[in-house]
Amino acid sequence: MKERAILIIHGFGGNENEILYLHEHLRQNKMDSFWIQLTGHDGNKQSFSNATSDQWLADVDRKLEELEQEYTHITCIGFSMGGLLTIQVSERKSVDQLILCSTPIYLYNANVILQDIVQGLFYKKQEKLDYYFRSAKTASIRSCLQFLSLLKKTKKKLKRKTLTLSNKKILILQNRKDETTYYKSAYYLAKASNAQVSLKMYENGRHQLFLGENKNLAVEDIKKFILIN
């Protein structure tokens, strides 16, 4: 058996582009990194609309079962909704490290979104508006309800006194200016986890942690966490 695998899970409506920078960085440092594409996240809007949160969780479980055949320990890294899925599988014996990146408990930072809209409308920064238009086109009402169902289920799991994470190591990464995940989500997760938690709050930066200005800080913090623990 090999010692450790790293499984990276992308976010809601996202794809591998969200996490490839991290994946490739870990691979370059000779770490056994893997990622999965969640059901319905193949670029087809109808497939995405038909996908369920149970399918997304089953995707993660299947990949973990596959890795458990070859590795003793697994680091599970979840970006955005991927963090919710990471929490859902956190009690598996093989998963001894959890890394939650931009993981939502509270949704949306209204101040940041308003600033983006103002800049887009009055300062001709069309790229600010295009980001929200693309997000709106990706998700259907049905897929949003599936996400909200997973969020609700995860909050309940965190509140359960039977959730045992005391033997796990957790790293939480969050950009303070994240427009999608309100930054106080990170503090909630740290308090509710009942585990050995390290929290990194980066100033500025938006939701796409591994595509933005703090990506180098994030990948270095992740690498150090995995190697030290």
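For a quick check of your reading: which helices (runs of 4 or more DSSP H) sit entirely within the stretch 1-103 and have at least 1 residues that are touching a Gly at 6+ places or on another chain (Cβ under 6 Å), without any contact (Cβ under 8 Å) to a residue 60 or more places away in the chain and open to solvent by 30 Å² or more (accessible area, probe 1.4 Å)? Of the helices (runs of 4 or more DSSP H) lying wholly inside the stretch 1-103, those with at least 1 residues that are touching a Gly at 6+ places or on another chain (Cβ under 6 Å), without any contact (Cβ under 8 Å) to a residue 60 or more places away in the chain and open to solvent by 30 Å² or more (accessible area, probe 1.4 Å) span 45-50.
Only one entry in Leu158, Leu151 is at pLDDT 70 or above, touching a Pro at 6+ places or on another chain (Cβ under 8 Å) and within 23 Å of Gln97 (Cα to Cα), namely Leu151. Of all residues in the stretch 140-171, those satisfying the criterion of being surrounded by 13 or more Cβ atoms within 10 Å (Cβ to Cβ) and of a type in the set (Ser, Thr, Tyr) are Ser140, Ser143, Ser149, Thr154. Screening Asp42, Asp61 for residues that are acidic (Asp, Glu) and either in contact with a Pro (Cβ under 7 Å, 6 or more places away or on another chain) or modelled with pLDDT of 95 or more (or both) leaves exactly one candidate, Asp61.
Scanning the stretch 156-174 for residues that are more than 28 Å from Leu217 (Cβ to Cβ) and among the basic types (Lys, Arg) yields Lys156, Lys157, Lys159, Arg160, Lys161.
The one condition from (1) within 13 Å of Pro104 (Cα to Cα); (2) open to solvent by less than 80 Å² (accessible area, probe 1.4 Å) that Phe210 does not meet is (1).
The values are calculated or read from the model by the stated rules, or taken from the named source; none is laboratory data. None of the values given here were measured: they were computed from a predicted structure. As a convention, Cβ positions derive from the backbone with ideal geometry for all residues, glycine included, and neighbour counts pool all protein chains shown. Side chains included, ligands, DNA and RNA excluded: accessible areas come from the protein's heavy atoms. Shrake-Rupley method; radii C 1.70, N 1.55, O 1.52, S 1.80 Å.
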